[in-house]
1. Number of Lys-Lys pairs in the chain under 25 Å by Cα, sequence gap 8 or more or different chains?
2. If packing is taken as the average count of other Cβ atoms within 10 Å, what order do 75-83, 140-148 fall into, highest mean first?
3. Please report the equivalent ellipsoid semi-axes of the chain, computed as sqrt(5 x eigenvalue) of the Cα gyration tensor, largest first, in whole Å.
4. When the distances between all Cα atoms of the range 144-197 are binned every 5 Å from zero, what whole-number percent does each bin get?
5. Please report, in Å, the Rg and the Dmax of the range 94-142, where both are computed over Cα atoms only.
Amino acid sequence: MFISFEGPEGAGKTTLIGALDERLRALGRATLVTREPGAAMGGQIRRLLLEGAGMDPKTELFLFLADRAEHAAKVLRPALAEGRVVLCDRHADSTVVYQGYGRGLDLDQLRRWNAFATAGLKPDLTVLLDLPPEIGLARLQSRDRLDREPLEFHRAVRRGFLEEARLEPDRWVVLDATLPKERVLECAWQPILDRLPRD
Ligand code: T5A
């Protein structure tokens with residue numbers, strides 16, 4: 001089962017994934033915790049994207065897609081073939097939202113590029129941690145290149161995620177990420193249990 005976690009900066013994805021991973025392993029499930037960008041190519045593409053200087057939106061897009069293509073082929077597909085529950089911190093929806101709603105690139109073209117990069121792999125479930133960008137950004141200890149975008153960019157990102165969730169309600173679960181961590185965990189757990197394949 002392939003579960004992705006999406007949301008604006010500082011939404012609590014890493015925190016939630018860690019807690020869900022513990023619960024799943026306690027049930028005896030084999031898991032894989034991974035993320036985009038960065039789980040492929042020794043993290044070199046992640047460094048270019050997040051630590052580098054500004055770049056053309058198309059350069060940024062193709063770096064995210066290159067990272068995703070490698071991740072899907074070398075990490076995600078093998079883990080899914082072994083029957084693992086894959087918990088992925090950001091995936092293709094981040095490209096549609098950040099590079100589409102945020103940077104203004106064409107949404108349909110982004111969806112096609114995503115399908116090309118992943119060879120059609122899509123999450124079974126996507127958990128959206130929704131919160132106002134002001135709250136998420138205030139939680140961060142340090143800011144990378146994308147975190148430093150203007151507030152209007154982050155507001156467009158939040159609207160984008162909510163719109164994408166509205167378009168595909170069977171795949172997305174939207175959670176209020178302003179709730180305390182324990183409450184967010186409880187809200188995420190049931191939809192995952194409901195969809196978990198039987199052993
Ligand atoms: N991007 C990514 C694109 O533009 N296109 C793409 O295709 C892809 C894949 C990645 C950046 O790249 C962009 C999106 C991003 O800008 P990243 O470093 O991976 O950057 O950053 P994020 O994924 O945004 O992760 P963050 O580290 O910013 O946030 P998380 O993981 O959502 O949050 P987390 O768990 O680290 O929590 C942050 C802080 O909040 C606290 C935690 O303890 C921590 O201190 N916290 C809470 N506090 C109060 N209440 C709660 N419920 C809390 N949950 C966590």
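1. 6
2. Ranking the peptides 75-83, 140-148 by packing returns 75-83, 140-148.
3. For the chain, the semi-axes come out at 25, 20, 16 Å.
4. All Cα pairs considered, the percentages come to 4, 16, 16, 19, 22, 14, 6, 3, 0.
5. In order Rg, Dmax, the Cα atoms of the range 94-142 give 13.8, 37 Å.
No lab work stands behind these numbers, since they all come straight from the coordinates. Source: prediction; values computed, not measured. With ideal geometry, Cβ positions are generated from the backbone for all residues, glycine too; neighbour counts draw on all protein chains shown.
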